[in-house]
Amino acid sequence: APWGGGLSASPTTGFALVTTFELRAHGWTDEESDLPLSYGFEFERFAGDAAITLADVQTLLALGDLTLAEGAGGSARVRVLDTYGASALARIPLSVGLPPTLVCTELVALLEKAELRVLTGASSAAKQRLQALADAYGTQLASCDGGEVDAFAAGSNASLPIINRMLAVSADASASAISTQPSRRQSAGVLATVLVNSNTLNGAAQAEGGAQLAALAKQSAKGGGADDDTANALVRALGFVLVANTTRASAEQCIATLAAAVATAASLTRALVAGALAGEQVREALDPAVNVSASRDFAASMVNSTRAAPGGFGSVALPLSTFDGQDVAAVDGGVDVLMYLFKRDVRTDKPAQEVLQTDLLGVTLASASGAAALVIKGLPAPIVLAI
């Protein structure tokens with residue numbers, strides 16, 4: 001693993017959204033065969049908090065143009081990785097105070113700076129600004145328009161809410177970045193912060209937020225999985241969308257939002273089990289509005305067993321005949337048990353044949369070797385879903 005280095009910050013104190021910081025790693029080295037080194041910079045706002053990812057992993061020693069959220073007792077961190085993935089961590093104190101009181105036009109100006117970062121190819125810097133802006137002025141943003149005319153709203157002078165404009169910047173920033181685990185982690189954290197004031201989300205924001213979450217979960221499932229921070233941020237953000245005021249949404253927007261919720265949960269279960277070995281511990285991501293879990297196990301140990309639903313809210317009883325008639329090759333490498341549990345009915349159409357689904361709970365059994373869902377039918381005894 002890398003050794004011998006440290007981390008410095010300039011300045012070491014400042015204010016959210018006002019001060020521009022730079023972090024610099026220095027003095028790191030490793031065995032010649034383990035080079036080159038790469039650097040992942042993070043900010044821990046408060047002791048024990050999950051660290052905020054500030055950018056994708058990079059080979060450059062410094063990360064500048066940093067806009068941070070408030071964290072008076074915070075610390076900056078750098079995770080240094082060698083070419084084989086072995087890592088070392090260094091941290092230093094970094095105090096970020098509360099930002100000044102601003103009016104809506106000043107908040108729009110800050111948002112425009114984030115838009116400019118996207119246009120100049122600095123998607124990570126744009127996401128930093130979005131997250132800091134939403135964190136500092138979340139409740140105030142509900143009463144601010146975005147300074148642009150909403151072409152789809154009734155009335156030629158109707159304003160686009162600033163939250164909707166922030167979601168547009170989030171989408172552009174994610175689209176312009178290479179989809180890596182750190183970039184997805186940063187995007188998920190941004191959405192969890194922007195969507196937190198769920199009672200202020202109009203129908204368009206609910207649908208757009210859901211669509212971005214579904215896209216991130218799908219990318220995670222296909223791109224090496226999701227770590228705990230990413231998964232927790234995704235379900236937290238999805239929870240905010242699911243408890244938003246549906247009276248502010250059209251029927252079409254509600255359908256789109258709920259479809260995105262199911263797609264997010266289903267993709268996230270596959271992301272949680274990516275790279276797992278049969279018999280490893282169940283992974284979960286839990287929120288008051290939605291729970292997901294995923295595990296990979298041997299088929300022989302699954303039959304005639306009862307598996308807990310995500311968060312322990314219910315169970316799935318698998319009879320002895322569960323895998324009768326299945327191709328041996330499909331289950332020989334293990335079977336993935338993918339579950340999601342919602343607090344409200346999210347069905348928008350008839351579920352696919354391979355998904356066992358009630359109003360609230362969906363279960364998929366998939367081949368660990370091929371990732372294809374197993375079609376379970378014609379069993380002499382039922383699979384029982386209990387909530």
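Given 0.36 nm per residue, what is the gain on full extension from residue 47 to residue 119 after removing their alpha carbon distance, in nm?
Between residue 47 and residue 119, full extension yields an extra 22.5 nm.
Quick check: with the 1.4 Å probe, what order do 28, 3 take by accessible area, largest first?
Ranked from most to least accessible, the order is 3, 28.
Sorted by average packing, counted as other Cβ atoms within 10 angstrom per residue and highest first, what order do 181-194, 299-312 take?
Highest-to-lowest ranking by the protection proxy: 181-194, 299-312.
Setting aside same-chain residues fewer than 8 positions from residue 127, which lysines have a Cα under 18 Å from its Cα?
Residue 127 reaches 113.
Sorted from largest down, give the three principal axis spans of the alpha carbons of the stretch 1-77, whole angstrom values.
41, 25, 20
Show me, bin by bin at 5 Å from 0, the whole-percent P(r) of the stretch 1-137 based on Cα pairs.
2, 11, 20, 21, 18, 13, 8, 4, 2, 1, 0
What FRET efficiency do you get for residue 300 and residue 142 if R0 is 56 Å and r is their Cβ-Cβ distance, rounded to the nearest 0.05?
0.55
Please list 3J(HN,Hα) in residue order for the stretch 366-379, calculated via the Karplus relation 6.51 cos²θ - 1.76 cosθ + 1.60 where θ = phi - 60°; whole Hz, with x for glycine and proline.
Each residue of the stretch 366-379 in turn: 10, 5, 5, 7, x, 6, 7, 5, 8, 7, 9, 7, x, 6 Hz.
May I ask you to give the percent of accessible area on the chain that is carbon plus sulfur, with a probe radius of 1.4 Å?
Carbon and sulfur atoms account for 55 percent of the accessible area of the chain.
For residue 3 and residue 371, calculate 0.36 nm times their separation in residues minus their Cα-Cα distance, and state this gained length in nm to one decimal.
128.6 nm
I need the per residue convex hull volume for the stretch 87-133, using only the alpha carbons, in cubic angstrom as a whole number.
92
Which label belongs to the value computed from this structure, given these candidates for Rg and Dmax of the Cα atoms in Å: (i) 22.6, 69; (ii) 22.6, 84; (iii) 50.3, 134?
(i)
Under 5 Å between amide hydrogens, which residues at least 5 positions from residue 146 or on another chain qualify, with H placed 1.01 Å from N in the peptide plane?
Distant-sequence amide H within range of residue 146: 160, 162.
Could you give the nm distance between label points at residue 35 and residue 89, where each point is 7 Å from its Cα heading toward the beta carbon?
Spacing of the two 7 Å Cα→Cβ label points: 2.7 nm.
Please build a GNM for the chain, connecting alpha carbons under 10 Å apart, and tell me which residue among 208, 284, 32 fluctuates the most.
32
For the chain, what are the DSSP H helices with axial Cα length of 15 Å or more and mean Kyte-Doolittle hydropathy of at least 0.5?
Sorted by number, the helices that extend far enough and score high enough are 104-119, 162-175, 228-242, 251-273.
Counting only residues 5 or more places away or on other chains, whose amide H sits under 5 Å from the amide H of residue 368 once H atoms are built in the peptide plane?
334, 335, 336
Within a Cβ distance under 14 Å of residue 219, other residues only, what is the Lys/Arg minus Asp/Glu net charge?
So the surrounding residues net to +3.
How long is the gain from residue 227 to residue 12 if the chain were fully straight, where each residue apart is worth 0.36 nm and the alpha carbon distance is subtracted?
So the chain would gain 74.5 nm between residue 227 and residue 12.
Rounded to the nearest 10 Å², what accessible area does residue 257 show when all protein chains are kept and the probe is 1.4 Å?
Near enough 10 Å² of accessible area.
Could you tell me how many cubic angstrom of Cα convex hull volume the stretch 121-256 has per residue?
105
Would you mind checking which residues have amide H under 5 Å from residue 66's amide H? H placed 1.01 Å from N; only 5 or more apart, or other chain.
Close amide H contacts, sequence-distant or interchain: 21.
Taking 35 Å as R0, compute the FRET efficiency from the Cβ-Cβ separation of residue 248 and residue 278 and round it to 0.05.
0.15
Which whole-Hz couplings ³J(HN,Hα) result when phi for each residue of the stretch 280-291 is put into the Karplus expression 6.51 cos²θ - 1.76 cosθ + 1.60, θ = phi - 60°, listed in order with x for Gly and Pro?
Along the stretch 280-291, the couplings run 6, 4, 4, 9, 9, 9, 10, 8, x, 9, 7, 10 Hz.
How would you classify the stretch 269-333 from its alpha-carbon gyration tensor, with a ≥ b ≥ c the square roots of the eigenvalues: rounded for a/c under 1.5, else prolate if a/b is greater than b/c, otherwise oblate?
Oblate, since a/c reaches 1.5 and b/c is not below a/b.
Between the alpha-carbon centers of the stretch 1-47 and the stretch 59-75, tell me the distance in whole angstrom.
9
Please give me, ordered by residue number, the chymotrypsin sites (Phe, Trp or Tyr not before Pro) of the stretch 291-348 that lie in loop per DSSP and have at most 16 other Cβ atoms within 10 Å.
In loop regions of the stretch 291-348 (DSSP not H, G, I, E or B), the sparsely surrounded chymotrypsin sites (Phe, Trp or Tyr not before Pro) are 298, 313.
So for each of 39-45, 380-386 I average, over its residues, the number of other beta carbons within 10 Å; can you give me the resulting order with the highest mean first?
Per-residue mean Cβ counts within 10 Å order the peptides as 39-45, 380-386.
The values are calculated or read from the model by the stated rules, or taken from the named source; none is laboratory data. The shown structure was predicted, so the numbers you read here are calculated from the model rather than taken from an experiment. Cβ: placed from backbone, ideal geometry, glycine included. Neighbour counts: every protein chain shown. Side chains included, ligands, DNA and RNA excluded: accessible areas come from the protein's heavy atoms. Shrake-Rupley method; radii C 1.70, N 1.55, O 1.52, S 1.80 Å.
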